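Report on the structure given below.
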Amino acid sequence: MKTYLKELDYVVPERQGVLNITTDVQECLKASGVQEGLCLVNSMNVTSGIFVNDDDADLHAKIFEWLNELAPHDPECRINPKNPEACFLDTHLKRILMGRDTVIAVVKGNLVLGTWEQILYFEFDGKRRKHVLVRIIGE
């Protein structure tokens, strides 16, 4: 069995945003040499998530609208006594809703994604470097 591990770094310049990371994950798969197996894509920060869906700006806007309705940002909240200026509660709740990872089948050296499916990195507290872990196992 082959295994492959790579950490990808991203910076979203706004507080919230979406990056299509499908090509980066496909490059990891190619480097791994795995032809049949599984690919885990995992956000390594509690204020971001991984999601597989259509890479459509209007859809992204609606998803953020929905998330912001369910977990609105409140700059006045005080949940961290060590840093009362920081409030990240909404970002943690959004991550719970979006999820931290996805697992994608690998068949004949390709990620098995639907016609419009892409691997998307959703950022809820951007403007700094964040990490995504790609772990591939198989033959």
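Looking at the stretch 1-64, the GluC sites (Glu not before Pro) that sit in a DSSP loop and have at most 16 other Cβ atoms within 10 Å of their own Cβ are Glu14, Glu36.
When +1 charges are put on Lys and Arg Cβ atoms and -1 charges on Asp and Glu Cβ atoms, the dipole computed for the chain relative to its Cα centre reaches about 580 debye. Compared with the direct C-alpha span, the chain from Thr23 to Asp74 gains 14.9 nm at full extension, assuming 0.36 nm per residue.
Annotation for the stretch 85-139: trypsin sites (Lys or Arg not before Pro) lying in DSSP loop with at most 12 further Cβ atoms inside 10 Å of their Cβ are Lys108, Lys127, Arg128.
Spatially, the stretch 23-48 and the stretch 56-73 are offset by 25 Å when compared through their Cα centroids. When the Cα positions of His92, Ile63, Leu19 are compared along the charge dipole of the chain, His92 comes out farthest toward the positive end, with charges on each C-beta of Lys, Arg, Asp and Glu. Check the straight Cα-Cα distances from Lys2 and name the lysines below 20 Å, setting aside those fewer than 8 residues away within the same chain. Counting by Cα, and skipping residues close in sequence, Lys2 has these lysines nearby: Lys30, Lys108. Using a 7 Å offset from Cα along Cα-Cβ at Gln35, what residues in the stretch 95-114 end up with backbone N under 17 Å from the label point? Counting backbone N atoms under 17 Å from the label point, the list is 106-112. Note on Glu117 and Arg129: their simple-model spin labels are 3.2 nm apart, each label 7 Å out from Cα toward Cβ. Annotation: for a label point projected 7 angstrom from Cα along Cα→Cβ of Asn110, residues of the stretch 119-139 with backbone N closer than 16 Å are 119.
Taking a quarter of the surface of the Cα convex hull of the chain gives a mean projected area of 8.8 nm². Surface composition of the chain: carbon and sulfur make up 54 percent of the accessible area, probe 1.4 Å.
The values are calculated or read from the model by the stated rules, or taken from the named source; none is laboratory data. Values in this document were obtained by computation on a predicted structure and should not be read as measured data. Using ideal geometry, Cβ is built from the backbone for each residue, glycine included, and neighbour counts are taken over all protein chains shown. When the accessible area is computed, the model is the full protein with side chains, heavy atoms only, and any ligands, DNA or RNA have been set aside. Shrake-Rupley method; radii C 1.70, N 1.55, O 1.52, S 1.80 Å.
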